[in-house]
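This report refers to the structure that appears directly beneath it.
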Amino acid sequence: MRSTHPMSMFIILPAIFASLLGASGCVKKTESASRPMFAPKPLEACLVISIDLSGSFSQDFGERAYPMVLGLIESFGEQTIGGDCKIVLSQMSGHAQVVLFEGSPEELRHRFKSPEAMAAFLKDSSVPNQSPVYIATRKTIDYVNTMPDVTEKTRTLTVLLSDLVESETDQPTKSKEGYRMLESLTRYREHGGNLALYYVAQDEVWRWKEIIERAGFEPGQFVINNDLTSRPELPEFY
């Protein structure tokens, strides 16, 4: 997981500053850097994959979802050769910790050498009898929105592998969390983020099209698909 390092603060005493100006005579003006000295280097691309291991989807992971994850990473890698990029993994169960991994494609392959290894890791970090889609999606998107090395110039794609059926049954709570998620998605889109939704239940497609449209995504900035494939369709920016 990533760690955040507070930026160092340099305090220049007015008296010292004045004496330096007086002693230097004519000093050539230099432009300050547009990016703070100790700020992280912006990423060229960031791929975020949020996986729902509740219900029947957990049985599909090894046979169908894992090849799709590899296909996403491969397609992602083909577009970012030589650039700084990251992959973020998150999960959509009732577990409190939503974001589970952040690292380079190489680090991901090194950590998970097989479908079984990744499936075991995700299952150990999930509560499969719950699928709080709105909360988990919001937390994933909020995480990306606050990543210091993701900027408006970063090509960012968030993939949701889920039927996207919300498990919350209390309607007021469901609506509240839905609107909170919508606000996060809107901020994400304003910063140039893109979406790809796969394995979406047919009855949920209309709802998520409306959510995406209300968040301001334009055609070409998102994909909605019912299937899992090893060569998934990606938004046009890739």
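The values are calculated or read from the model by the stated rules, or taken from the named source; none is laboratory data. Values in this document were obtained by computation on a predicted structure and should not be read as measured data. Glycine also receives a Cβ, built like all others from the backbone with ideal geometry; neighbour counts cover every protein chain displayed.
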Segment 170-200 - residue that is among the small types (Gly, Ala, Ser) and not in a strand (DSSP E or B) and, of those, nearest to Leu47 (Cα to Cα) | Gly193
Subset of segment 137-169 [among the β-branched types (Val, Ile, Thr) and within 15 Å of the chain's Cα centre (by Cα)] = Thr137, Thr140, Ile141, Val144, Thr146, Val150, Thr151, Thr154, Thr156, Thr158, Val159
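Is it true that Tyr134 is more than 13 Å from the chain's Cα centre (by Cα), at pLDDT 90 or above and either in a helix (DSSP H, G or I) or under 23 Å from Lys41 (Cβ atoms) (or both)? I'd like the intermediate steps shown before the answer.
Working: more than 13 Å from the chain's Cα centre (by Cα): yes; at pLDDT 90 or above: yes; either in a helix (DSSP H, G or I) or under 23 Å from Lys41 (Cβ atoms) (or both): yes.
When the stated conditions are applied, Tyr134 passes them.
Okay, residues lined up against (1) assigned to a helix (DSSP H, G or I); (2) of a type outside the set (Val, Ile, Thr); (3) in contact (Cβ under 8 Å) with a residue 60 or more places away in the chain; (4) touching a helix residue (DSSP H, G or I) at 6+ places or on another chain (Cβ under 8 Å):
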{"site": "Ile73", "(1), (2), (3), (4)": "yes, no, no, yes"}
{"site": "Gly83", "(1), (2), (3), (4)": "no, yes, no, no"}
{"site": "Lys113", "(1), (2), (3), (4)": "no, yes, no, no"}
{"site": "Met118", "(1), (2), (3), (4)": "yes, yes, no, yes"}
{"site": "Lys123", "(1), (2), (3), (4)": "yes, yes, yes, yes"}
Just one of (1) out of contact with any Cys (no Cβ under 8 Å at 6 or more places or on another chain); (2) at pLDDT 70 or above; (3) surrounded by 22 or more Cβ atoms within 10 Å (Cβ to Cβ); (4) of a type outside the set (Ser, Thr, Tyr) trips up Phe61, so point out which.
-> (2)
Counting only residues that are hydroxyl-bearing (Ser, Thr, Tyr) and within 15 Å of Ser131 (Cβ to Cβ), which one in segment 158-174 is modelled with the highest pLDDT?
-> Thr173
Would you check if there is a residue in segment 170-187 being among the small types (Gly, Ala, Ser), surrounded by 20 or more Cβ atoms within 10 Å (Cβ to Cβ) and closer than 27 Å to Pro67 by Cβ?
-> no
